[in-house]
1. Of K48, K83, K90, K76, which residue is more than 21 Å from A325 (Cβ to Cβ) and basic (K, R)?
2. Go through (1) within 16 Å of the ligand (Cβ to nearest atom); (2) free of Cβ contacts under 8 Å to residues at least 60 places away in the same chain; (3) out of contact with any strand residue (DSSP E or B) (no Cβ under 6 Å at 6 or more places or on another chain) for G173 and report which single condition fails.
3. May I ask you to say which residue of L137, L131 is part of a helix (DSSP H, G or I), over 18 Å from the mean Cα position of the chain (by Cα) and not charged (D, E, K, R)?
4. Where the second residue is crowded, with 19+ Cβ neighbours inside 10 Å and the first is at positive phi and lies in region 258-270, which pairs have Cβ atoms under 6 Å and are six or more apart or on separate chains?
Amino acid sequence: MRKVKIGIVGCGNISSIYFENLTTMFVNTEVFACSDLDKERAELAAEKYSIPHVFSTEELMACDEIEIVVNLTTPKGHFDICKQALLAGKHVYVEKPLSLSLENGKELVRLAKEKNLFLGGAPDTFLGAGLQTCRKLIEDGFIGEPVAATAFMVCHGHESWHPDPEFYYEAGGGPMFDMGPYYLTTLVSLLGAAKTVCGMTKKSFPQRTITSAKKFGKTIDVEVPTHVAGNIEFNNGTVATMITSFDIWSSTLPRIEIYGSLGTLIVPDPNGFGGPIMLRPAQSNEFMEIPLVHNYAENSRGVGVADMARCIETGDAPRANGELANHVLEIMHAFHTSSDTKRYVELTTSCEQPRPLALGLLKGYLN
Ligand SMILES: NC(=O)c1ccc[n+]([C@@H]2O[C@H](COP(=O)([O-])OP(=O)(O)OC[C@H]3O[C@@H](n4cnc5c(N)ncnc54)[C@H](O)[C@@H]3O)[C@@H](O)[C@H]2O)c1
């Protein structure tokens, strides 16, 4: 099988798993070059993962052999690097969120369409065994018609472990833009597109103190809301209640649950690829664990990139695509806009429910 050549821009914290999986897990990808503003980081990654070229970002964009740019910069770099890649004639896949502003997200979707290039975005955890098995359970009628859902991501932020956590408290950060993509992409993948959002937001602590080793003791001014709560109405009528928060030390809330006319489904952590999945049919007295019936239960970050590489060959639309990432971006903004304006927000974007993966795929292959 032909291996599509990839250029990775941004060789920070999350890049390792992309380097590892795109060089070893998938049969149709290879990493041809990498770049970073901090050249030493790119050199270290190139040495560790045997990447043939370390380029400046400009050189990487100009390299004819590279077909997909994978943009793993921090959120404020997402739009510029994606736009540069599209203008250079490359397909582009970006870590979440797609962009800081909805206008920029829409511009990327438009530009990709105009140039006949693929735009894709993280997360791709919805292609993992856990969330694909949930999708199959819902489509096979195990909980009947979905009527409601809950999605909760609560913690006390990332300054205790991330070496450079400042971006989590700048525009494009905060719990909704950081973790919302996992939860919302999962809900859209399971339930389809959404139509209305209402939200309330809060910034409980104006400053944060870093306790991870490199910058221990440094304080960060918090620029964005760090507690975001609200409801989403989906086109299929499901009403989801969501909280994302960096203001909560501990809680017993579940991550995602889907409530159907015939039962309840406990969905696994959408920031992972595996299980467990628990199902309780209406007539049953207890939850039962459901075995995973799809592949990609281990950390398969990059599966969305491999799916895009597959689509370059087949002409299909990638599952983790720009319309999906942009719809999720609009929902995230809508929580904040609704809170600021004290009104419901009617969404202006939509997307197709991404096509499910087949059962019985061999590791490294996609259909
Ligand atoms: N760290 C995680 O666990 C994690 C998990 C999932 C997703 N993400 C997402 O991945 C992205 C990157 O996060 P991270 O934790 O790796 O951040 P990071 O700060 O560790 O790494 C980002 C890297 O990008 C480089 N960079 C920034 N702007 C650049 C530009 N214009 N050109 C070239 N290089 C540039 C930086 O020098 C840095 O090395 C973020 O969008 C984040 O939301 C992170």
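1. From the options K48, K83, K90, K76, the qualifying one is K48.
2. Tallying (1) within 16 Å of the ligand (Cβ to nearest atom); (2) free of Cβ contacts under 8 Å to residues at least 60 places away in the same chain; (3) out of contact with any strand residue (DSSP E or B) (no Cβ under 6 Å at 6 or more places or on another chain), G173 fails exactly one: (2).
3. Values: L131 fails: over 18 Å from the mean Cα position of the chain (by Cα).
None of the others qualify; the one that does is L137.
4. Within 6 Å, the pairs are G263/I143.
We did not get these values from a lab; they are worked out from the coordinates using the rules stated. What you see is a predicted model, and the numbers here were worked out from it, not measured in a lab. Heads up, the Cβs are rebuilt from the backbone with ideal geometry, glycines too, and the neighbour counts pull from every protein chain shown.
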